[in-house]
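Scroll down for the structure; my scribbles are underneath it.
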Amino acid sequence: DQSSILTVAYGKQPNGNVALGSLDLLDHQGKFEVHSITAKVVQGIGESEKETWRAIPNTAFDVVMMNPPFTRATRHEGQSLNVPNPMFAAFGSSAEEQKLMADAVKSLTKDSKSHGNAGEASMFLVLADRKLKQNGKLALVMPLSLISGESWENSRQLLAQNYSDLILISLSAADDKSMSFSADTDMGECLLIGKKSDKGSTRAFFVILNERPAYPLVGASEAEQIRRLIESANVRKLEDGPMGGTQIIFGKDIVGQILDAPLPSSGTWNVARISDISLAQTAYQMTKENKLWLPSMQKSEIKDIPITVVEKIGQIGPIDRDINGKNPKGDIRGPFDVYPIKPNTTPTYPVLWAHDAKRERAMMFDADCEGIPRKCSTQKEQELIDLKTDSVWNTASHCHFNRAFRFNSQSTGMQFTPRKTIGGQAWQSVRLSSAEQEKALVLWANTTLGLLLRWWHSNKQQSGRGSVTKSALHTLPVLDITALTSKQFKEAVKIFDSMCDKPMLPLHQMDKDPVRKKLDEQFCKKVLDLSESVLAKGGSLELLREKFSKEPSVRGNKKI
């Protein structure tokens, strides 16, 4: 046919650094121009090297397909320190050519939807969008963070505004090597398919496969089923309640699921790397409908539950750079030097800085470090540091949030320090109106229900870990502690006081943890007033724990 198709290739350097081989064809007007680059071309007489196009205008292609590299235009890896710009180092490009290409990309993507922290893949998305015709088809391999990463917000907005018929495919695999579609990529990936359209999208189809298709026949069968299910409008929705997704089958085996889900106006899309779709549907009911509807629960048992976000009930403390960091020029950014607490001493400014999984089994434990206010050489600098010291100390709280929760080794998503403490590198402070409110929030956050919403909100790019940045913490869904009745609130504080020193197993072992089970049952009975049938052995709450503990993104490569 007369369709025009653009594909972009990339190469690898001998040291293993992924390097770009096509962006150097771009000029400042958005056209491709060849400098000295050739391409492998498959012809009837075999492979040959051939000069690529002289110029490629915008909106010129019916189909754009890419599997771009995901490195950033920076040199964080030690092995690439002798390369000016690893992103543009393919095919023997000189340092001067790498610089020209980097400058061209900055110009081409200025004021666009790309984001430096998202890496070069976001730049490829912007450029692919520019080259694609209206009603053209887009097909990309992208980092999994496209779906749930904070830095990818602009990219998600571009897709929602400019594309219809969106399909996003991810893998629920348990380890890093199995989370990618590419053979040589040890990071989570997703496949993106869409049709360029002014109508945009308010919904998308999310496909989660159990594993990367082992053979072309399996992949072809999965693709055909996905197409057929979408065309027949026979796909379960995220809003349907905890019933699971629509199954994708190969032979007698369920190899994946597909789900029709709404796209939020902003924020992450969340439906990725989820093996049991009923968990996503439960989380959706809690966060969007304020309904507690667990798997196997009868509709008569569904309970209203007040859910809010952290920023509406609490003040989030500073990140670690604002505590002990320095600016690029070497001047002081944070007012403290941070040191481990010496034995038999009491710090003036306690700091909860690092992780120690064994110490963090229970909901309450002390700070591990102390902040020593920095001494400056001039009075003016010292006055500024003193102001910063007071400002940081005013954020100290008893409640602290686990920023990068290792689901398969750590036990607590939030914790309580007996003294007011500054949050640190691993823990972010969250300050509420009172210590009792902070106790209630910490208690909620360590129930299976609170942990489910934490997992739902996390970036699950890494195996067995859920990361939440400071800005994402603002919108973390939590129980609205301020909406509880006086009786509910007192019960929550009472339960915390009785269980705060009880050690719990890591999250992936919640189904075998008697302490977590007791915490769940007491909270759901005395605070949420759930029915006995839901709390009973074999009931919906136990079922939720069992499902949750078996999620590949929770257990990682740990054995069940």
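The values are calculated or read from the model by the stated rules, or taken from the named source; none is laboratory data. What you see is a predicted model, and the numbers here were worked out from it, not measured in a lab. Note that we place each Cβ from the backbone using ideal geometry, even for glycine, and neighbour counts take in every protein chain shown. Surface accessibility is based on the protein's heavy atoms, side chains included, excluding ligands, DNA and RNA. Shrake-Rupley method; radii C 1.70, N 1.55, O 1.52, S 1.80 Å.
Side notes on the structure shown:
- Members of the range 452-468 found to be in a strand (DSSP E or B) and surrounded by fewer than 22 Cβ atoms within 10 Å (Cβ to Cβ), listed by number: ARG465, SER467
- The range 516-560 holds helices (runs of 4 or more DSSP H) entirely within its bounds, and those carrying 2 or more residues that are within 18 Å of ASN290 (Cα to Cα) map to 540-549.
- Which listed residue is farther than 26 Å from LEU528 by Cβ, of a type in the set (S, T, N, Q) and buried (at least 23 other Cβ atoms within 10 Å of the Cβ), from THR389, THR421, THR412: THR421
- Checked against the criterion of being open to solvent by less than 50 Å² (accessible area, probe 1.4 Å) and at pLDDT below 95, the candidates ARG359, ARG321, ARG374, ARG333 yield just one match: ARG374.
- Residues within the range 424-446 that are more than 18 Å from the chain's Cα centre (by Cα), buried (at least 24 other Cβ atoms within 10 Å of the Cβ), at pLDDT 95 or above and not in a helix (DSSP H, G or I), tallied: 3
- MET179 meets the conditions (1) closer than 17 Å to VAL126 by Cα; (2) in contact (Cβ under 8 Å) with a residue 60 or more places away in the chain in every case but one. The failed one is (1).
To keep it simple, each residue is scored yes or no on (1) buried (at least 21 other Cβ atoms within 10 Å of the Cβ); (2) in a loop (DSSP other than H, G, I, E, B).
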site: ALA183; (1), (2): no, yes
site: CYS190; (1), (2): yes, no
site: PHE206; (1), (2): yes, no
site: LEU217; (1), (2): no, no
site: VAL235; (1), (2): no, yes
site: ILE249; (1), (2): no, no
site: GLN285; (1), (2): yes, no
site: LYS288; (1), (2): no, no
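- Cβ-Cβ under 7 Å pairs, at least 6 apart or on other chains, the range 276-290 side at negative phi, far side modelled with pLDDT of 95 or more and of a type in the set (Val, Ile, Thr): MET286/ILE305; MET286/ILE307; THR287/ILE307
- Taken as a whole, the structure places SER471 among residues that are open to solvent by 20 Å² or more (accessible area, probe 1.4 Å), in contact (Cβ under 8 Å) with a residue 40 or more places away in the chain and not aliphatic (A, V, I, L, M).
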